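Values quoted throughout were computed directly from the atomic coordinates according to the rules given, and no laboratory measurement underlies them. Not measured: the values here are computed from a predicted model. Here the Cβ positions follow ideal geometry from the backbone for every residue, glycine too, while neighbour counts run over all protein chains shown.
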Amino acid sequence: MTEPGHAILFEPVRLGPVTAPNRFYAVPHATGHGWAQPGGAIALRAMKAEGGWGTVAVQMSEIGPDSDMANHPMERIWDDRDIARHAAQVEAIKIRGSLAAIELAHGGMRARNLTTGLPVSGPSGLPVLRPEVPCQARAMDLADIKAFRASHRAAARRAIDAGYDIIYVYAAHDLSILSHFLSPNTNFRTDQYGGTFRNRLRLLREVVEDTLDAAAGERAVALRFSVAEPEKPEGLAIDGEGRDVVEALAELPDLWDVNISGWSSDSATARFADEGFQLPFTDFVKSVTTKPVVGVGRFTSPDFMASLIRNGRLDLVGGARPSIADPFLPKKIREGRSDEIRECIGCNVCVSMDSYGLPVRCTQNPTVSEEWRRGWHPESPPISRGRRSHLVIGAGPAGLECARVLLAAGDKVTVADSAAEAGGRIAKEARLPGLATWRRVRDYRIRYIESSADAELYLRSHMAAEDIADFGADAVVLATGAKWRGDGVGSTNFRTMNLGRRSVYTPDDILDGRIPEMAGGESVVYDDDHFYIASAIAEALRMAGQNVTYATPLPQISAWTENTLEQSRIIERLSSIGVELMPNAKLESGLSLANRLTGEYSEIGSRNLVFVGARIPVDGLKRELDLTVGASRVRLAGDCLVPGIIQAAVYSGHQVARSILEGIPNDGFKREFIQSFVPAA
Ligand code: ADP
Ligand code: SF4
């Protein structure tokens, strides 16, 4: 039963000529599957429709070969040969009762055309908007603009033929040629498409009108527009042209899909932005237009979502990451099961996969991108082959996910952990600044386990090999985690080092509260891990009153966080609180840091050294149990199999549970092949 306060979320919404069945709107987002992996892409989106998202949108879809975004695997609707694939996608979405939307796009000065070899084009002859790519855009002449409009219109026609209900015009994220024509930072033209606001807006207006014309009142036309660019000093602002655009085109599209740009603002992580963070920018839009408005902001709380509608801030609740973390979020709210929502934690592991050009992965939802190739469903694990009884050692992310899946399948599970609190590394890391939402990984699973009559959870229960052997479980899963090394071994150094006789602290020490002189002390946090933990520890120590230096052998601070769109924010945060940053600083025996560029040495001296390097699996039990319980009944999951990020531990726990249930290793999957290849005779 839907809670009365949430019923408003299930009202239909008219979007011009079509009607969304409810207010849950899965906005366009990159899936990493792209045009070359339609099986994966279609199944991922179909899952959202099955989970109750009333509208499911397809990611950025290149309208032609002159907008080639490779290496990012976008969708393509270049010509009629793409229609069949899109039609299959539309059918998979609509058969489940949702509307299907497509985001037509031309990347303009963001397209690289690396695979097509065509010239990149834009409003002005300038370098492309990726300084690391050595190529320029060609300034379009009036004939080029005409051709672009015709190309967009033809793509709209194909999208309509494929059956889409909503056709997007895309002018967001600085990723669209329409944004590039609009912005005085990229448009230096002197003709009717440049100069004044009216002139710079002209192409966007024309393309919306062209698309409305192609839609002929039978399909809705959405305009996706970033109303503000907070990262750019001279970017769009809601007291400037961001608002002017909405006012100028207010009643033109059937739907406004509004957000902020660039992508690191739009997809801000929980470390830097709370749920609803975009509303201060986007909620003016409803006061300017009578057309429906959808916005995003990592919404996972149904009360908050309902209040947004009730208070007239949005008409539809947009979700990209929340719909990845839980494709069944709407259905759970509709059925009064809000406490079962697998809330997005705002970690951007999903985004990092896109940065790599790979299918999306999610810390909370291990089944994403596995819908087609492995047949994994986020809510329905395989049915147990009998009421068997399993023992899981370790209540970290891997152990908890493994236990949850085994229970959901109908087996009995005992979970034992030596710690006083469940959650393993999650429980500890979530205490670091900005990482509190990470507890959701534990809480979602613990809630499930605690509500199951077939589960027993024992904390403060250290398990030795003989305890486990005595237990007589059908399957034993060791999810005992990993320990941080304190011997100098990290990503850039594989040999142990003599770090002197003084104490060296590891992240485990800090997370367990073992570091002396918290206030007034001095520490060097040495990052040879390169993800989030070293910067978060540096921040925590600084906030506790220490003088802190963050040093790393790489030229970049927290190098991998560039992929989660956090790097510049981490640098800004650490600098603003007075953490000294030392890139290119290699730790050497004898406790000095050698600057890799200048060769200068700086002594660590009497300061604490927090060494953040590699980890060692805690897997000793496996060797003992193989002899007593038998190797085939003992499985490793998560960090004790191979240390990795939390997403990898959850995934591993899930996979091990399925392999127990299915009685097979579960290491095979389907592959997608390009059908048009015919080998020469
Ligand atoms: P993962 O990320 O792979 O889930 P974690 O390090 O988060 O790993 O969790 C491992 C958990 O296993 C920790 O909570 C730890 O207390 C527990 N653990 C490790 N060894 C034992 C053991 N012998 N008996 C019980 N619990 C254990
Ligand atoms: Fe949310 Fe992290 Fe999953 Fe992305 S990977 S959807 S940010 S939980």
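Hey, rough spin-label estimate for ALA143 and TYR458, points 7 angstrom out along Cα→Cβ, what's it come to in nanometres?
The two pseudo-label positions are separated by 8.1 nm.
If I stretch the segment between ILE674 and ALA631 completely, what's the gain in nm (0.36 nm per residue apart, minus their alpha carbon distance), one decimal?
11.5 nm is the gain from fully extending ILE674 to ALA631.
From the P(r) of region 384-525, can you give the percent of Cα pairs sitting at distances over 26 Å?
That fraction is 39 percent.
Which FRET efficiency value, to the nearest 0.05, do you get for ASN547 and GLU379 by plugging their Cβ-Cβ distance into 1/(1 + (r/R0)^6) with R0 = 45 Å?
For R0 = 45 Å, the calculated efficiency reads 0.35.
With N residues in region 515-645, what two-decimal value do you get for its Cα radius of gyration over 2.2 N^0.38 Å?
Working it through for region 515-645, the quotient is 1.30.
For GLU662 and SER575, what does the FRET efficiency come to when R0 = 60 Å and r is the distance between their Cβ atoms, rounded to the nearest 0.05?
About 0.75, to the nearest 0.05.
Going by C-beta contacts inside 10 Å, put MET69, MET305 in order with the fewest on the left.
MET69, MET305
Taking region 384-446 as the region of interest, what is the percent of Cα-Cα pairs per 10 angstrom bin, listed from the shortest bin to the one with the maximum distance?
24, 47, 22, 7, 1
If I take all pairs of Cα atoms in region 132-241, what percentage of them are more than 23 Å from each other?
Roughly 34 percent, rounded to a whole number.
For the residues TRP484, TRP35, what sequence is obtained by ranking on other C-beta atoms within 10 Å, fewest first?
TRP35, TRP484
So what is the 222 nm mean residue ellipticity for the chain from helices alone, if each DSSP H run of at least 4 adds -39500 (n - 2.57) and you divide by all residues, rounding to the nearest 500 deg cm²/dmol?
Value at 222 nm, helices only, nearest 500: -8500 deg cm²/dmol.
Where both residues lie in region 388-502, what percent of DSSP beta bridges are antiparallel, nearest 5?
5 percent
Quick check on the chain: of the DSSP beta bridges with both residues there, what percent are antiparallel, nearest 5%?
20 percent
Let's see if you can work this out: charge +1 on each Lys and Arg Cβ, -1 on each Asp and Glu Cβ, no other charges. What is the dipole magnitude of region 569-679 about its Cα centre, in debye to the nearest 20?
The dipole magnitude comes to about 280 debye.
How far is it, in nm, from the label point at ALA469 to the one at THR496 when both lie 7 Å from their Cα along the line to the Cβ?
If labels sit at ALA469 and THR496, their model points lie 2.9 nm apart.
Using the count of nearby Cβ atoms within 10 Å as a rough guide to exposure, how do TYR532, TYR193, TYR25 rank from fewest to most?
Final ranking by Cβ density, sparse to dense: TYR193, TYR532, TYR25.
Would you mind working out the magnitude of the charge dipole of region 251-368 relative to its Cα centre, with +1 at each Lys and Arg C-beta and -1 at each Asp and Glu C-beta, to the nearest 20 Debye?
Value, rounded to 20: 180 debye.
With +1 assigned to the C-beta of every Lys and Arg and -1 to the C-beta of every Asp and Glu, and no other charges, what is the dipole magnitude of the chain about the Cα centre in debye, to the nearest 20?
680 debye
Restricting attention to the alpha-carbon atoms of the chain, what are Rg (one decimal) and Dmax (integer), both in Å?
Values for the chain (Cα only, Rg and Dmax): 26.5, 83 Å.
If the chain between LYS483 and TYR601 were fully stretched, how many nm would it gain, using 0.36 nm times the residue separation less the Cα-Cα distance?
39.5 nm
Which of rounded, prolate or oblate describes region 172-290 when judged by the alpha-carbon gyration tensor and an a/c cut-off of 1.5?
Because a/c hits 1.5 or more and a/b fails to exceed b/c, region 172-290 counts as oblate.
Given Cα positions, please report Rg to Rh for region 44-176, the hydrodynamic radius being the Kirkwood one.
Result: Rg/Rh = 1.01.
For region 209-254, just the Cα atoms, rotate onto the principal axes and tell me the three extents in Å, largest first.
Projected onto the principal axes, the Cα atoms of region 209-254 cover 40, 17, 13 Å.
Using only Cα atoms, what is the ratio of the radius of gyration of region 118-158 to 2.2 N^0.38 Å?
After normalising by residue count via 2.2 N^0.38 Å, the value is 1.35.
List the residues of region 1-30 whose backbone N lies under 14 Å from a point placed 7 Å from the Cα of THR290 along the Cα-to-Cβ direction.
Under 14 Å, as judged by backbone N against the label point of THR290, lie 16 of region 1-30.
On C-alpha positions alone, give me the angle between the axis of helix 142-162 and the longest principal axis of the chain, in degrees, nearest 10.
So the helix axis and the longest Cα principal axis differ by about 70 degrees.
So what is the relative contact order of region 1-54, in percent, for Cα pairs below 8 Å that sit 6 or more residues apart?
Normalised by residue count, the contact order of region 1-54 is 31 percent.
If the label point is 7 Å along Cα→Cβ of GLU247, which residues in region 279-315 have backbone nitrogen under 18 Å from it?
281-291
Can you list the equivalent-ellipsoid semi-axes of region 57-97, largest first and in whole Å, using the square root of 5 times each Cα gyration tensor eigenvalue?
Calculated on Cα positions only, the semi-axes equal 22, 12, 6 Å.
Which entries in the list LYS94/LYS332; LYS48/LYS94; LYS232/LYS291; LYS94/LYS331; LYS48/LYS286 go over 22 Å, if you measure between the two C-alpha atoms of each?
LYS232/LYS291; LYS48/LYS286
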